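The values are calculated or read from the model by the stated rules, or taken from the named source; none is laboratory data. Fair warning: this is a prediction, and the values are worked out from it, not measured in the lab. Cβ placement follows ideal geometry from the backbone for every residue including glycine, while neighbour counts extend to all protein chains displayed. Each accessible area value is taken on the protein alone, full model and side chains, heavy atoms only, with ligands, DNA and RNA left out. Shrake-Rupley method; radii C 1.70, N 1.55, O 1.52, S 1.80 Å.
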Amino acid sequence: MTEVTTPATPASADFSSFDLHGALQQALTKNGFETPTPVQQRTIPASLTRQNLLVSAKTGSGKTLAFLLPSLHYLLVNPNFYAGTRVLVLVPTRELAQQIHLQCQQLLEGTSLKAALITGGEDFKKQQNALRKNTAVVIATPGRILELLTLDTAPFENLDTLILDEADRMLDMGFSDDVLTIAKQCNENRQTLLFSATLTHAGVLKMADKVLKKYELIALNTLRDELPHIQQQIVLADDNPHKEQLLAWLLLNETFEKALVFSNSRAQADALCDPVRAKGVRAIVLHGDMDQKERQRVMKLFRDGVVNVLIATDLAARGLDIKGIQLVINFEVPRNGINYLHRIGRTGRSDETGLTITLVKHTEWNLMAGIERFLRQSFIRRSIKELAGKFQGPKKLKASGKTTGGKKKVETKKEKPEKVKVRHRDQKNIGKRRAPSVENSNAST
Ligand code: ADP
Ligand code: MG
């Protein structure tokens, strides 16, 4: 999965600091591009090192130049006229392909490199010829490329860079299998860049695992940008028995149609089920190693509302897409920010509102603080009066008087993340930036 994110380039940097090929720099100047946008600042240096990247940033943030510049730079400094197609950009729509093609031509002006547009609705023969004519850059929609692949033998065997732009939209439009098929026919040693407006889309992380395998994540969105309809809360707990009480209380007192409870292990998921059932919660466990039939039976019970609480591990819940999940409870803090995103992406689908509650005991505090930094959002601290525990956060915070109390009293944590000691392994996936406070957490644009 992912490794550490790239530290941001200093905000003052302009395009010349990337040391791009002269032709590209000239084209940028000619077209009035001076200062890279944040996604360009983060992506260009990382991409120049030729690693695989998963990049999430809002629409309009400048993703096109973020992938065109480093991939075209690589072509220009490593000329290979006989290699055929060396950069393939896959996009969901013809209009988008045309737009990118135009920007690409602007950048390649003054070089001998050619870019071709291969989309449906255009002359097939002409496009086939373009592929054969050593066109270095191809910008395409998946459908037409698949058609061409049935005729042409291995046009992408020398590909240097595969770019999947607007991956979330490609998934929505049903291109997932097409994209995977095309990716399989590309040079295995290529670099792959996957761009998406969001990370919480059901299929994006899954596609990244399949197509990029090992990759670095550059997330420009804050959690609030990603999931504006979902409230993120934490409830502190003393130990697992205390957590079990809290879990049952929440499942009995919160209002929801369906709820998902996550644990980090199968054994823990199993252990949770009977105690909450005994208290009257209609719960069932979803196992990672259930056979397909059993899994389908459980899912049907949950979907139909016969049970309304599903207790699962990360693995078992991957790819679940069920309507009406309004509550996600993390019985344990997930192992990293990506898993957290996977979990909460199950709720608040298509503008439904949702609530995520993570139960945190003292040994998990640092892990949770790391996830908050990674997602650049402070979670809301909530305490349950009936089940108040002793653990009130790290000692330093307690000393500053920030404790909780009162039924369903909600207050925002104001701890300074840098005062919390973080173990090395918690820092996986965490950029070097500090978590901004809730108020100014939109550092993504
Ligand atoms: P996205 O793909 O993230 O939606 P685009 O790449 O389409 O965004 O860029 C959005 C707009 O911003 C385009 O009109 C583009 O020309 C412009 N743009 C991109 N990068 C810069 C920059 N560094 N400086 C000024 N304008 C930029
Ligand atoms: Mg775009």
For this session: May I ask you to list the residues in the range 63-89 that are more than 13 Å from SER47 (Cβ to Cβ) and buried (at least 24 other Cβ atoms within 10 Å of the Cβ)?
Result: THR85, ARG86, LEU88, VAL89
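Sort out which residues of the range 132-170 are closer than 28 Å to LYS58 by Cα, out of contact with any strand residue (DSSP E or B) (no Cβ under 8 Å at 6 or more places or on another chain) and more than 16 Å from ligand 1 (Cβ to nearest atom), and write them in order of number.
Correct list: GLY143 only.
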Problem set entry | Flag for LEU48 being crowded, with 22+ Cβ neighbours inside 10 Å and within 26 Å of ASN189 (Cβ to Cβ) | no
For this session: Please go through the range 202-213 and pick out each residue that is farther than 28 Å from GLY84 by Cβ, touching a Ser or Thr at 6+ places or on another chain (Cβ under 9 Å) and buried (at least 20 other Cβ atoms within 10 Å of the Cβ).
Result: VAL204
For this session: Provide a single number: the residues in the range 23-47 that are under 20 Å from ALA208 (Cβ atoms) and hydrophobic (A, V, I, L, M, F, W, C).
Result: 3
For this session: Within the range 78-96, track down each residue that is within 22 Å of ASN52 (Cα to Cα) and within 11 Å of ligand 2 (Cβ to nearest atom).
Result: VAL89, VAL91, PRO92
Exercise. Restricting attention to the range 33-49, does a residue exist that is charged (D, E, K, R) and part of a helix (DSSP H, G or I)?
Worked result: yes
Exercise. Is it the case that GLU226 is away from ligand 1 (no atom under 16 Å from the Cβ) and either in the same structural domain as LEU180 (by TED's automatic domain parsing) or touching a residue at least 60 places away in the same chain (Cβ under 8 Å) (or both)?
Worked result: no
Exercise. What pairs can you find where one residue is in the range 330-343 and among the basic types (Lys, Arg), the other is open to solvent by 20 Å² or more (accessible area, probe 1.4 Å) and not in a helix (DSSP H, G or I), and their Cβ atoms are less than 8 Å apart, with a gap of 6+ or different chains?
Worked result: ARG335/ASN264
Seminar exercise, completed: How many residues of the range 155-191 are more than 15 Å from the chain's Cα centre (by Cα) and not in a helix (DSSP H, G or I)? The answer is 19
For this session: Look at THR64 and say whether it is of a type in the set (Ser, Thr, Tyr), part of a loop (DSSP other than H, G, I, E, B) and within 14 Å of ligand 1 (Cβ to nearest atom).
Result: no
Exercise. Quick check, is THR161 in contact with a Gly (Cβ under 8 Å, 6 or more places away or on another chain) and open to solvent by less than 30 Å² (accessible area, probe 1.4 Å)?
Worked result: no
Problem set entry | Hey, ASN366 over 17 Å from the mean Cα position of the chain (by Cα), modelled with pLDDT of 50 or more and surrounded by 16 or more Cβ atoms within 10 Å (Cβ to Cβ) or not | yes
Exercise. Out of the residues in the range 133-143 that are surrounded by fewer than 20 Cβ atoms within 10 Å (Cβ to Cβ) and in contact (Cβ under 8 Å) with a residue 24 or more places away in the chain, which is farthest from the chain's Cα centre (by Cα)?
Worked result: ASN134
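From the list SER56, SER47, SER16, which one is away from ligand 1 (no atom under 13 Å from the Cβ) and of a type in the set (Ser, Thr, Tyr)?
So the residue among SER56, SER47, SER16 that is away from ligand 1 (no atom under 13 Å from the Cβ) and of a type in the set (Ser, Thr, Tyr) is SER47.
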Exercise. In the range 28-44, is there at least one residue being away from ligand 1 (no atom under 14 Å from the Cβ) and buried (at least 17 other Cβ atoms within 10 Å of the Cβ)?
Worked result: no
Problem set entry | Residue count for the range 278-310, restricted to those that are closer than 15 Å to PHE256 by Cα and assigned to a strand (DSSP E or B) | 3
Exercise. Filtering the range 30-77 down to residues that are within 16 Å of ligand 2 (Cβ to nearest atom) and basic (Lys, Arg), which residue is modelled with the lowest pLDDT?
Worked result: LYS58
Seminar exercise, completed: Of (1) surrounded by 23 or more Cβ atoms within 10 Å (Cβ to Cβ); (2) closer than 23 Å to GLN128 by Cβ; (3) at pLDDT below 90, PRO155 fails just (1)
Seminar exercise, completed: If you go through LEU102, LEU117, LEU146, LEU113, the only one that is within 16 Å of ligand 2 (Cβ to nearest atom) and either outside any helix (DSSP H, G or I) or more than 14 Å from LEU68 (Cβ to Cβ) (or both) is LEU117
Exercise. Quick one: is LEU194 in a strand (DSSP E or B) and either within 16 Å of ligand 2 (Cβ to nearest atom) or within 24 Å of TYR340 (Cβ to Cβ) (or both)?
Worked result: yes
For this session: State which residue is least open to solvent (accessible area, probe 1.4 Å) when the search covers only the range 101-113 and only residues that are within 12 Å of ligand 1 (Cβ to nearest atom) and closer than 17 Å to ALA130 by Cα.
Result: CYS104
